[in-house]
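**Student:** Following this message is one structure expressed as structure tokens.
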Amino acid sequence: MPDPVRKVAVRSVIIMSLTLIQAMVAFLSTLAGSWLAFPMVISSVASTVVATWSVLDVWVTRQVWNQRHGVVSVPSSTARQLRKERRRARREIRSEARDESRIRRRGSATDTAWGTGAAAGAGAVRTEGATGVTGGATAAASRLSEA
């Protein structure tokens, strides 16, 4: 639990416990017929309002913290989308690095499946009839799976 949320939650628990103690004192003083009963009942009502407010404060603080720090549990949230885009970018960078290392290793050697030399690896388009994979990014993906 983040620090601001924890601080508000502790405050809320203290307020609620004091409200419960106050309500118990009001109830017992009413049973005893004490002069303290009426002021305690009035103050218990006020304390109940404050305790309710403090619980709502915990909820609102938690929501604000989650929204500001990108921990939103809704699947279509902006934070989740940003993480997804970052992962995709990292994956593309790793894939490009793998492709570059393969090109460097292969050099200008002949590759029977893709043609010859560096020109074949630099954008050759291959069509596979049965699988329906054609050129562009899908050709690169099929090359990765064949390697």
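**Student:** Could you order peptides 48-57, 83-92 by the average number of other Cβ atoms within 10 Å of their residues, highest first? Numbers along the way, then the final one.
**Tutor:** On the way: 48-57: 14.6, 83-92: 10.2.
Going from most to least packed, we get 48-57, 83-92.
**Student:** Just the projected area, averaged over all directions, of the convex hull on the alpha carbon atoms of the range 7-68: how many nm²?
**Tutor:** So the Cα hull casts an average projection of 3.9 nm².
**Student:** If we count every other residue with Cβ under 13 angstrom of residue 50's Cβ, Lys/Arg +1 and Asp/Glu -1, where does the sum land?
**Tutor:** Details: positive: 11; negative: 57.
Taking every other residue near residue 50 into account, the sum is 0.
**Student:** Just grab the label-to-label distance for residue 85 and residue 24, each label 7 Å out from Cα along the Cβ direction, in nm (one decimal).
**Tutor:** According to this spin-label approximation, the distance is 5.4 nm.
**Student:** Shifting gears a bit: Less than 12 Å Cβ to Cβ from residue 4, Lys/Arg counted +1 and Asp/Glu -1: what total charge do the surrounding residues give?
**Tutor:** Result for the neighbourhood of residue 4: +3.
Taken together, the values in this text are just the output of simple stated rules run on the coordinates, not laboratory data. Since this is a predicted model, take the numbers as computed values, not measurements. Methodologically, a virtual Cβ is constructed for each residue, glycine included, from the backbone with ideal geometry; neighbour enumeration extends over all protein chains shown.
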